[in-house]
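Asker: I have a structure here, written as structure tokens, and I will follow up with some questions on it.
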Amino acid sequence: MKKVKLLFICLTLLILVYPVSATAISLTGDADAARNSRFNVTVKVTGNNIGAFQICVLVPEGITFVDASKGRDIKDWGFSYTWIEGYEYYGDVGYSGRVKIIGLGDAINGEREVGVLTFVPKRAKNFTFLIDERNSKLVDPNEKEIKIDEFQNHTIRVYRYGDINMDDEIDVKDLIRLEKIILMKEKRTVTSDINNDGEVNILDLVRLIRVLIK
Ligand SMILES: [Ca+2]
Ligand SMILES: [Ca+2]
């Protein structure tokens, strides 16, 4: 009986140390951004014994790619950006570019951040970043391809500067909210710094009043 118990404990420990997880490529990042401001999309891989990766992310039309940086604990790394000739359509959404990142890990186990992509949106709407499944691959240290179970895309909502309360309208409610933020009665939102100088103050209030009386 003792042996059975011991075996059970050993098995439980083994499961805890080596969690059985689905192999996945996922995109995460900021949930909201303001027009013309920078935001990040983080690329992660989850799996066992991943030796190298190639991940392509489709960039929605209306977003500009700025830069990419290496994820933590990744040995060797590179990225490139290419325009898609004409737009590529998935449903009714057009994609104008593709960021490709490739790299080597030290046999990645579990979840690992492999890259951070930086973008700037040109207008306000929902943008979905898609993983280009056909051109994304994971291989083990012996170059054997690993089956990917899941692809998780990321959607970011972009707001206009001046839409302080982020309800898609620019009106007197935003003026009241901005005043409260300046008086530090409420937290600032990503759309509060209307003149994009890093501060939320009277200059932003003046800018908002000008927009409202137009
Ligand atoms: Ca508003
Ligand atoms: Ca400002």
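The values are calculated or read from the model by the stated rules, or taken from the named source; none is laboratory data. As the structure is a prediction and not an experimental result, all values here were calculated from the model. Virtual Cβ from ideal backbone geometry, glycine too; neighbours counted across all protein chains shown.
Asker: Condition first: buried (at least 19 other Cβ atoms within 10 Å of the Cβ), in a helix (DSSP H, G or I) and among the aliphatic types (A, V, I, L, M). Now tell me which residues in region 173-214 satisfy that.
Answerer: If the condition is that a residue be buried (at least 19 other Cβ atoms within 10 Å of the Cβ), in a helix (DSSP H, G or I) and among the aliphatic types (A, V, I, L, M), then L178, I181, L208 are the ones that fit.
Asker: Check Y87, Y95 and return the single one that is assigned by TED's automatic domain parsing to the domain that holds T28, among the hydroxyl-bearing types (S, T, Y) and either under 19 Å from the mean Cα position of the chain (by Cα) or at positive phi (or both).
Answerer: Exactly one residue qualifies, and that residue is Y95.
Asker: While we're here: For region 156-207: of the residues being closer than 16 Å to A31 by Cβ and among the aliphatic types (A, V, I, L, M), which is nearest to ligand 2 (Cβ to nearest atom)?
Answerer: Top of the filtered list is V190.
Asker: Residues that are in contact with a strand residue (DSSP E or B) (Cβ under 8 Å, 6 or more places away or on another chain) and under 18 Å from A31 (Cα atoms): which strands (runs of 3 or more DSSP E) entirely in region 56-140 hold 2 or more of them?
Answerer: Where strands (runs of 3 or more DSSP E) fall fully within region 56-140 and carry at least 2 residues being in contact with a strand residue (DSSP E or B) (Cβ under 8 Å, 6 or more places away or on another chain) and under 18 Å from A31 (Cα atoms), they are 63-70, 93-121, 126-131.
Asker: Follow-up. Which condition breaks for I148 when tested against (1) of a type outside the set (S, T, N, Q); (2) within 16 Å of ligand 1 (Cβ to nearest atom); (3) touching a Leu at 6+ places or on another chain (Cβ under 7 Å); (4) modelled with pLDDT of 95 or more?
Answerer: (2)
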